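Contents: one structure, followed by commentary.
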Amino acid sequence: MFVQLFEGWRYNEGARARLAAMGLGEVLQVAPRPDVPGLIARLLATDTDDSDTGIGVWVWESEAACRAYGADRPEQVQAAVAADVDDTNLTERTFDALFFGARIPTAHQ
């Protein structure tokens, strides 16, 4: 498994509120969004002291799957992210997973 951690980006005005209104963080999703080959899990979260500052964690089957998506990422996806996020200070850190576990609540199976 291959893990990406994105940090240092901020939501542009109104973007975080719009995303939060979708309620995606309230219920476990059955598949990550975007649902692309090799993507196992994805988490977007915001700083508890500054809700416009976010982090992203992407868990991939392999680094090759991650890089394949990055190389073929649709322009409309890139444009949507650019409209929502100021990535001036974004950093990406990558990790090889040593353990990955998940507890899926029975109500969501």
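Derivation of every value follows stated rules applied to the coordinates shown; laboratory data play no part. As the structure is a computational prediction, the values presented were derived from the model and not from experiment. All Cβ positions, glycine included, derive from the backbone under ideal geometry; neighbour counts span all protein chains shown.
From the list ARG42, ARG10, pick out the single residue that is farther than 25 Å from ILE104 by Cα, in contact with a strand residue (DSSP E or B) (Cβ under 9 Å, 6 or more places away or on another chain) and not hydroxyl-bearing (Ser, Thr, Tyr).
Values: ARG42 fails: farther than 25 Å from ILE104 by Cα.
The unique qualifying residue is ARG10.
Only residues that are surrounded by 11 or more Cβ atoms within 10 Å (Cβ to Cβ) and more than 15 Å from the chain's Cα centre (by Cα) were counted in region 68-85, giving 1.
Of the residues that make up region 45-53, is at least one assigned to a loop (DSSP other than H, G, I, E, B) and either touching a His at 6+ places or on another chain (Cβ under 8 Å) or farther than 21 Å from THR88 by Cβ (or both)? Among the residues of region 45-53, at least one is assigned to a loop (DSSP other than H, G, I, E, B) and either touching a His at 6+ places or on another chain (Cβ under 8 Å) or farther than 21 Å from THR88 by Cβ (or both), which makes the answer yes. Hey, ALA65 hits all of (1) farther than 18 Å from ASP87 by Cα; (2) part of a loop (DSSP other than H, G, I, E, B); (3) in contact (Cβ under 8 Å) with a residue 24 or more places away in the chain; (4) over 11 Å from the mean Cα position of the chain (by Cα) but one; which does it fall short on? The single condition ALA65 does not satisfy is (2).
When THR48 is tested against (1) more than 16 Å from the chain's Cα centre (by Cα); (2) farther than 17 Å from LEU19 by Cβ, exactly one condition is not met: (2).
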